[in-house]
Amino acid sequence: MSDLMTPSYAKNMKIIGHTDQGGGRADGVQLMVHKGYAYIGHIFSKGFSVVDVRNPRNPAPLSYIPAPHNTWTLHLQQANDLLLVVHAKDMFAQPELADEKNYYKGKLDSHGESPEQDWSAGLAVYDVSNPAVPKQIGFMPVKGGGLHRIWYTGGRWAYASALLDGFTDYILITIDMADPTKPVLAGKYWLPGMNKAAGEVPNWKSTVGRFGLHHPIIHGDIAYCSWRDACLAVVDVSDRTAPKLITHKTWAPPFGGGTHNALPLPNRELLIVVDETVLDNREDGEKPIWIFDNRDKANPISISTLPEPNDTDYLKVGGHFGPHNVYENRPDAFVSEDLIFATYQNAGVRVYDIRNKWQPQEVGACVPQPPTKMVDPRPNRPKVLHSADVFVDKNGLVYSTDFSVGLYIMEYTG
């Protein structure tokens with residue numbers, strides 16, 4: 001068995017497949033698996049890849065769709081034989097943003113506005129009825145930095161975070177997909193103070209960090225919006241053209257902010273909320289994965305946190321030690337309100353049993369070997385894992401991307 005197939009630590013999990021995604025493009029962020037094919041958005045390799053995972057023990061890279069000049073296509077969504085891919089300015093390609101402190105704790109509006117926009121900004125739509133060969137059929141342009149991350153599970157409406165001209169950071173937009181060849185920006189919502197073009201003045205301290213939407217997750221007519229250092233905004237989207245706030249909850253400070261996911265578990269009336277670690281050596285403070293009681297949608301309350309990995313001293317490992325992402329219960333894949341799958345950056349993939357919502361337990365873990373070669377081109381990055389996204393298919397197979405080590409396919413055996 002090769003070193004790539006031997007995790008540095010595992011509990012109730014094993015690696016069954018790995019690929020470098022082909023062409024030296026071992027970096028990945030968001031991934032979707034559809035009819036035995038994985039679509040992987042790259043963060044440094046400027047495009048997205050298609051990988052044949054029908055044989056999970058021997059995943060095979062098929063094709064690479066390059067992004068336009070100076071453009072990120074790192075996030076994507078798949079549903080109903082459609083693949084939606086973000087187009088946004090490649091922020092990490094800007095020299096001043098190669099320092100993560102400037103990207104995650106600074107201001108982005110100046111990077112999203114330019115009289116000569118030399119990047120593609122908007123939403124690309126692909127037909128994946130032939131899953132091995134994505135075919136672009138539509139595009140929705142926007143003026144500004146572009147889209148960051150989308151939520152789409154089929155049907156008429158998609159939702160995204162967007163950095164638009166005139167706004168200080170990413171806001172919520174709704175997208176009418178009635179004609180997938182011509183998606184239309186239908187509605188907007190932002191926290192008060194973000195519309196600088198309208199003369200709004202921020203009511204938060206500039207030292208707090210990013211008041212910008214990472215992305216929404218929708219259940220019914222409610223958008224659960226992870227608003228980075230502004231934490232959680234719960235938004236009524238019953239009128240998709242005019243979303244309105246239900247409640248805004250903050251806990252940063254004293255905690256570190258960086259809210260990345262807010263995943264509703266509707267049958268249990270719970271909300272899983274992830275605060276993303278964005279700086280090395282926990283310089284950005286404590287970043288838990290929270291469980292919220294969500295019975296009162298106007299007043300979700302934190303009741304517990306998922307335990308941190310403790311099988312080794314991951315702070316000493318270096319890089320980012322803390323959560324990045326959770327699997328978001330895609331309706332056409334694996335759905336559970338008892339098991340939570342999370343990426344923990346330098347600590348790999350973690351599985352949590354939350355049947356006891358007051359005392360969640362870690363029941364699985366898989367930490368691949370660290371990279372031998374870095375794809376991340378930014379200077380002075382430590383050579384450690386940076387586990388990014390996690391997807392679980394209908395068969396319970398776990399897929400995970402990383403900034404430098406490619407795609408891993410794992411089994412949870414607990």
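The requirement of being in contact (Cβ under 8 Å) with a residue 12 or more places away in the chain, over 20 Å from Thr343 (Cβ atoms), among the polar types (S, T, N, Q) and not in a strand (DSSP E or B) is not satisfied by Asn281. The listed residues are Val184, Val201, and the only one of them that is surrounded by fewer than 16 Cβ atoms within 10 Å (Cβ to Cβ) and either in contact (Cβ under 8 Å) with a residue 12 or more places away in the chain or farther than 27 Å from Gly258 by Cβ (or both) turns out to be Val184. Restricting the first member to the stretch 228-257 and to residues that are in contact (Cβ under 8 Å) with a residue 40 or more places away in the chain and part of a strand (DSSP E or B), and the second to residues that are exposed (fewer than 15 other Cβ atoms within 10 Å of the Cβ) and among the small types (Gly, Ala, Ser), the beta-carbon pairs closer than 6 Å and six or more apart or on different chains are Ile246/Ala298; Thr247/Ala298.
When Gly155 is tested against (1) part of a loop (DSSP other than H, G, I, E, B); (2) of a type outside the set (Lys, Arg); (3) crowded, with 17+ Cβ neighbours inside 10 Å, exactly one condition is not met: (3).
Only residues that are among the aliphatic types (A, V, I, L, M) and out of contact with any His (no Cβ under 9 Å at 6 or more places or on another chain): list them for the stretch 295-332, please. If the condition is that a residue be among the aliphatic types (A, V, I, L, M) and out of contact with any His (no Cβ under 9 Å at 6 or more places or on another chain), then Ala298, Ile301, Ile303, Leu306, Leu315, Val317 are the ones that fit. Taking the condition buried (at least 19 other Cβ atoms within 10 Å of the Cβ) and at pLDDT 95 or above, does Ser49 pass? Answer is yes for this residue. Within the stretch 260-281, identify whether any single residue is of a type in the set (Gly, Ala, Ser), closer than 16 Å to His214 by Cα and under 20 Å from the mean Cα position of the chain (by Cα), and answer yes or no. Yes, the stretch 260-281 contains a residue that is of a type in the set (Gly, Ala, Ser), closer than 16 Å to His214 by Cα and under 20 Å from the mean Cα position of the chain (by Cα). Here the condition is being over 23 Å from Ile354 (Cβ atoms), out of contact with any Lys or Arg (no Cβ under 6 Å at 6 or more places or on another chain) and aliphatic (A, V, I, L, M); of Leu263, Leu245, Leu306, it holds for Leu245 alone.
The rows are residues; the columns are (1) part of a strand (DSSP E or B); (2) surrounded by 15 or more Cβ atoms within 10 Å (Cβ to Cβ); (3) free of Cβ contacts under 8 Å to residues at least 60 places away in the same chain.
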{"position": "Leu84", "(1), (2), (3)": "yes, yes, no"}
{"position": "Lys101", "(1), (2), (3)": "no, no, no"}
{"position": "Pro131", "(1), (2), (3)": "no, yes, no"}
{"position": "Gly138", "(1), (2), (3)": "yes, yes, yes"}
{"position": "His148", "(1), (2), (3)": "yes, yes, no"}
{"position": "Ala160", "(1), (2), (3)": "yes, yes, no"}
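Under the condition of being of a type in the set (S, T, N, Q) and either in contact with a Pro (Cβ under 7 Å, 6 or more places away or on another chain) or in a loop (DSSP other than H, G, I, E, B) (or both), the residues counted in the stretch 362-414 number 6.
Gly209 meets the conditions (1) assigned to a loop (DSSP other than H, G, I, E, B); (2) under 18 Å from the mean Cα position of the chain (by Cα) in every case but one. The failed one is (2). Annotation note: of Pro288, Pro253, Pro307, Pro264, the sole residue that is buried (at least 23 other Cβ atoms within 10 Å of the Cβ), out of contact with any Cys (no Cβ under 8 Å at 6 or more places or on another chain) and not aromatic (Phe, Trp, Tyr) is Pro264.
Checked against (1) under 25 Å from Arg282 (Cβ atoms); (2) of a type in the set (A, V, I, L, M, F, W, C); (3) surrounded by fewer than 21 Cβ atoms within 10 Å (Cβ to Cβ), Cys231 passes all but condition (3).
The values are calculated or read from the model by the stated rules, or taken from the named source; none is laboratory data. Note that this is a predicted model, so its numbers are computed, not measured. FYI the Cβ positions are ideal-geometry reconstructions off the backbone, even for glycines, and counts take in every protein chain you see.
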